[in-house]
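Notes for the one structure printed next.
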Amino acid sequence: MTEKLIIDLMRHGDAEGSDCYRGHTDFPLSEKGEQQMAEMLSHNPGWQQILYSPLQRCRLVGKAAAGHFELPSHEEIRLKEYFFGEWDGIPYEQVWQHQPQQAEKFLENPEKYPPPGGETIAELMARVESLQSDLINSGREHLLLVTHGGVIRAWLGLTLQIPPSNWNRMTIKPASISRIQIIKDDGRHWPTVEFVGVC
């Protein structure tokens with residue numbers, strides 16, 4: 001029997017701590033970001049459940065949206081942003097000034113050269129793949145995941161088989177949605193990207 005699962009990946013709105021490796025640093029949404037999310041979450045296109053990152057820039061709006069739409073929801077650790085290790089929360093300019101070679105290596109080949117003490121790309125991909133596998137078997141048909149740019153790029157990159165060194169070529173704007181549709185049939189599944197970064 002053929003079934004369909006729609007996964008809407010929503011990036012959080014504009015947040016404090018711009019122009020830095022934001023990562024796990026728990027910056028709140030800016031006033032602009034709160035307005036952006038209020039607009040994006042003003043209506044429900046059919047979501048049956050909401051999952052959100054534990055970081056407050058996702059968690060607070062995810063919980064509020066679930067309450068507004070009267071939907072089941074839960075915090076999902078695998079939706080947490082990529083961890084930049086020693087660079088987490090540090091401005092780009094400062095990292096490039098003090099560690100230019102390491103920063104350039106990470107930009108050109110993030111799989112081989114993660115930030116000092118940071119998460120590896122393999123670890124990021126593993127948690128995305130683990131979550132996708134669980135969602136495929138969830139019995140839901142349309143899910144909203146409130147998460148981060150790095151997680152969304154990883155998800156799209158895995159679906160489209162784009163190497164991590166090219167993930168930054170995808171623009172994932174704040175408070176935008178990227179949609180993945182997964183067709184399930186006889187234990188197999190075929191994911192396709194429906195759209196990217198729609199506000």
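For the range 87-96, the condition holds for no residue, the condition being that it is within 17 Å of the chain's Cα centre (by Cα) and assigned to a helix (DSSP H, G or I). Of the residues in the range 174-199, how many are open to solvent by 10 Å² or more (accessible area, probe 1.4 Å), assigned to a loop (DSSP other than H, G, I, E, B) and touching a helix residue (DSSP H, G or I) at 6+ places or on another chain (Cβ under 9 Å)? Looking only at that region, the number is 2. Restricting attention to the range 22-61, the residues that are in a strand (DSSP E or B), closer than 19 Å to residue 142 by Cβ and of a type in the set (A, V, I, L, M, F, W, C) add up to 2.
Working only within the range 111-155, note down all residues that are assigned to a helix (DSSP H, G or I), touching a residue at least 60 places away in the same chain (Cβ under 8 Å) and of a type in the set (A, V, I, L, M). Residues satisfying the conditions are 135, 136, 151, 152, 154.
Cβ-Cβ under 6 Å, sequence separation 6+ or interchain: first residue in the range 33-44 and open to solvent by 60 Å² or more (accessible area, probe 1.4 Å), partner among the polar types (S, T, N, Q) and not in a helix (DSSP H, G or I). Which pairs? Correct list of pairs: empty, since none qualify.
Restricting attention to the range 144-151, does a residue exist that is over 19 Å from residue 41 (Cβ atoms) and hydrophobic (A, V, I, L, M, F, W, C)?
Looking only at the range 144-151, we keep the residues that are over 19 Å from residue 41 (Cβ atoms), and these are 150.
Cutting the leftovers down to hydrophobic (A, V, I, L, M, F, W, C) gives us none.
The answer is no, given that none of the residues of the range 144-151 is over 19 Å from residue 41 (Cβ atoms) and hydrophobic (A, V, I, L, M, F, W, C).
Among the residues of the range 86-110, those that are touching a residue at least 60 places away in the same chain (Cβ under 8 Å), crowded, with 17+ Cβ neighbours inside 10 Å and of a type outside the set (D, E, K, R) comprise 87, 90, 95. Among the residues making up the range 1-15, those that are more than 17 Å from the chain's Cα centre (by Cα) and either within 22 Å of residue 196 (Cβ to Cβ) or part of a loop (DSSP other than H, G, I, E, B) (or both) are 1, 4, 5.
The values are calculated or read from the model by the stated rules, or taken from the named source; none is laboratory data. No experiment lies behind these values; they were computed from the predicted model shown. Note that each Cβ is placed from the backbone with ideal geometry, even for glycine, and that neighbours are counted across all protein chains shown. Side chains included, ligands, DNA and RNA excluded: accessible areas come from the protein's heavy atoms. Shrake-Rupley method; radii C 1.70, N 1.55, O 1.52, S 1.80 Å.
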